[in-house]
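As structure tokens, the structure follows; a few thoughts come after it.
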Amino acid sequence: MPTPLLSVIVVCRNPGPRLRPALESVWTQRGEDCELVVIDGASTDGTRDWLETQRARLGALTSEPDAGVYDAMNKGVAAARGDWVIFLGADDRLIEDALTSISPLLRQTDAGVVVGEATYDDGRIYRLGGPAAAVRRNFVHHQAAFYRRSLFATHSPFETGLRIMADYEFNLRLLKAGVKFQSLPTRIAACGSGGLSDAGGWTGYREEITVRHRHFPAWQCWLWDLGSAVRYFRKNILRSPARHRPE
């Protein structure tokens, strides 16, 4: 079979009815040279059985236990055949005809990563951050990022020892290696809030600090480490009364 231009990798575990709109958003992309790869973490909510009925529409399907979301994403890369890959969760979906606008660029660009816009259901919009943003926090949201699949071979895959910030670490690894990141002012994905990296637990902020110090000198990190702590307390302490306020 000819190699597709793009592999859309969807990882999930017990997603319930949320998964179908995510997959439909890929299947309804018009006339695009892409395959859909689904990595299911041995779901017990009926997802595995439903996915089996859709196998003919999938480029690859794996349903087995994994060691976390980044292990599942690495499995997706290993199963993918496309020159480029993009990662979605069960709460995410591609914008209608998003791939129509991006495909010509993917065929021509010399960039290793092309990043569009991701919008969240609470109104937030994320775009590619500039080089100065890299030390602050993750500057790429993978739901709107297209990676050359070859990068995962030449620069190693996601580090599965990190539960929440392995994509930040991977992006910094690419940046430090001189891989070109290209920004695209095109809305690519609509995402659900409250996902793994959006939950506000201390693990994510702790890993953010760990990754930052791995790639930048300490003097450059301290201010942003403080910023990570402030964001944690603001999300979990200042907002907690509103979260628990009686209705």
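Only one of (1) surrounded by 15 or more Cβ atoms within 10 Å (Cβ to Cβ); (2) among the charged types (D, E, K, R); (3) out of contact with any Gly (no Cβ under 9 Å at 6 or more places or on another chain); (4) farther than 27 Å from Gln29 by Cα fails for Arg137. Which number is that?
(3)
Could you run through region 153-173 and say how many residues are surrounded by fewer than 20 Cβ atoms within 10 Å (Cβ to Cβ) and part of a helix (DSSP H, G or I)?
Counting residues in region 153-173 that are surrounded by fewer than 20 Cβ atoms within 10 Å (Cβ to Cβ) and part of a helix (DSSP H, G or I) gives 3.
Gly116 fails exactly one of the following numbered conditions: (1) buried (at least 21 other Cβ atoms within 10 Å of the Cβ); (2) out of contact with any Gly (no Cβ under 8 Å at 6 or more places or on another chain); (3) at pLDDT below 95. What is the number of that condition?
Of the numbered conditions (1) buried (at least 21 other Cβ atoms within 10 Å of the Cβ); (2) out of contact with any Gly (no Cβ under 8 Å at 6 or more places or on another chain); (3) at pLDDT below 95, the odd one out for Gly116 is (3).
Assuming Asp122 fulfils every condition listed in (1) surrounded by fewer than 22 Cβ atoms within 10 Å (Cβ to Cβ); (2) assigned to a helix (DSSP H, G or I); (3) of a type in the set (D, E, K, R) apart from one, which condition is it?
The failed condition is (2).
One line per residue, one yes/no per condition, for (1) assigned to a strand (DSSP E or B); (2) buried (at least 22 other Cβ atoms within 10 Å of the Cβ):
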residue	(1), (2)
Pro2	no, no
Val8	yes, yes
Leu19	no, yes
Ala22	no, yes
Leu36	yes, yes
Ile39	yes, yes
Thr44	no, no
Trp50	no, no
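Return the residues of region 58-81 that are in a helix (DSSP H, G or I) and either among the hydroxyl-bearing types (Ser, Thr, Tyr) or at pLDDT below 95 (or both); say none if nothing qualifies.
Tyr70
The values are calculated or read from the model by the stated rules, or taken from the named source; none is laboratory data. Computed from a predicted structure; not experimentally measured. Counting neighbours? That spans all protein chains shown, and the Cβs are built from the backbone with ideal geometry, glycine included.
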